[in-house]
Amino acid sequence: MVESRGSIPGAHQKHLVKFYGLSTCIWCRKTRQFLEDESVAFDFVYVDLLESDERESVKDEIRKWNPRVSFPTVVIDDAQCVIGFKADELKQVLGL
């Protein structure tokens, strides 16, 4: 079973990266795989696997960056956000 949240180690630790996704979303899987393939250290949360109170709290966090609360949402250094599977934009923001 997929864990609802956790941390993935990686060689690239220059940025604080938070990945928000859904366990059933193909674009979320592609984004997570990209981060792992590029050896980016990141924390992840699968919003659909959280209990209702925690889910609403996390959705409020996401809403600060992405008012539509769409997935995947990747927050970098609590300063920038990439919404959707955008490998080129992630490469640029993360300096890969």
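The values are calculated or read from the model by the stated rules, or taken from the named source; none is laboratory data. No experiment lies behind these values; they were computed from the predicted model shown. Because the Cβ atoms are built from the backbone with ideal geometry, glycine has one as well, and the counts that use them run over all protein chains shown.
Checked against (1) in contact with a Gly (Cβ under 9 Å, 6 or more places away or on another chain); (2) free of Cβ contacts under 8 Å to residues at least 40 places away in the same chain; (3) among the polar types (S, T, N, Q), residue 57 meets all criteria but (1).
Evaluation of residue 9 against the conditions (1) touching a residue at least 12 places away in the same chain (Cβ under 8 Å); (2) at positive phi shows that the sole unmet condition is (2).
On the given criteria, is residue 52 closer than 21 Å to residue 80 by Cα and without any contact (Cβ under 8 Å) to a residue 40 or more places away in the chain? Step through it out loud before you land on a result.
Values: closer than 21 Å to residue 80 by Cα: no; without any contact (Cβ under 8 Å) to a residue 40 or more places away in the chain: yes.
No.
Please find, within the stretch 50-96, the residue that is surrounded by the most Cβ atoms within 10 Å (Cβ to Cβ) out of those that are in a strand (DSSP E or B) and aliphatic (A, V, I, L, M). Filtering the stretch 50-96 for residues that are in a strand (DSSP E or B) and aliphatic (A, V, I, L, M), the one surrounded by the most Cβ atoms within 10 Å (Cβ to Cβ) comes out as 74.
Would you be able to tell me the number of residues in the stretch 14-49 that are assigned to a loop (DSSP other than H, G, I, E, B) and touching a strand residue (DSSP E or B) at 6+ places or on another chain (Cβ under 8 Å)? Talk me through it step by step, then tell me what you get.
Narrowing the stretch 14-49 to residues assigned to a loop (DSSP other than H, G, I, E, B): 14-16, 22-25, 38-39, 41.
Now narrow it down to the ones that are touching a strand residue (DSSP E or B) at 6+ places or on another chain (Cβ under 8 Å): 15-16, 22-23, 38-39, 41.
Matching residues across the stretch 14-49 total 7.
Report yes if some residue within the stretch 6-28 is in contact with a His (Cβ under 7 Å, 6 or more places away or on another chain), of a type in the set (Ser, Thr, Tyr), surrounded by 13 or more Cβ atoms within 10 Å (Cβ to Cβ) and at pLDDT 95 or above; otherwise report no.
In the first step, residues of the stretch 6-28 are kept if they are in contact with a His (Cβ under 7 Å, 6 or more places away or on another chain); the result is none.
Checked against the condition, which is being in contact with a His (Cβ under 7 Å, 6 or more places away or on another chain), of a type in the set (Ser, Thr, Tyr), surrounded by 13 or more Cβ atoms within 10 Å (Cβ to Cβ) and at pLDDT 95 or above, the stretch 6-28 yields no hits at all.
Is it the case that the stretch 33-40 has a residue that's touching a Cys at 6+ places or on another chain (Cβ under 6 Å) and at pLDDT 95 or above? No, every residue in the stretch 33-40 fails to be touching a Cys at 6+ places or on another chain (Cβ under 6 Å) and at pLDDT 95 or above.
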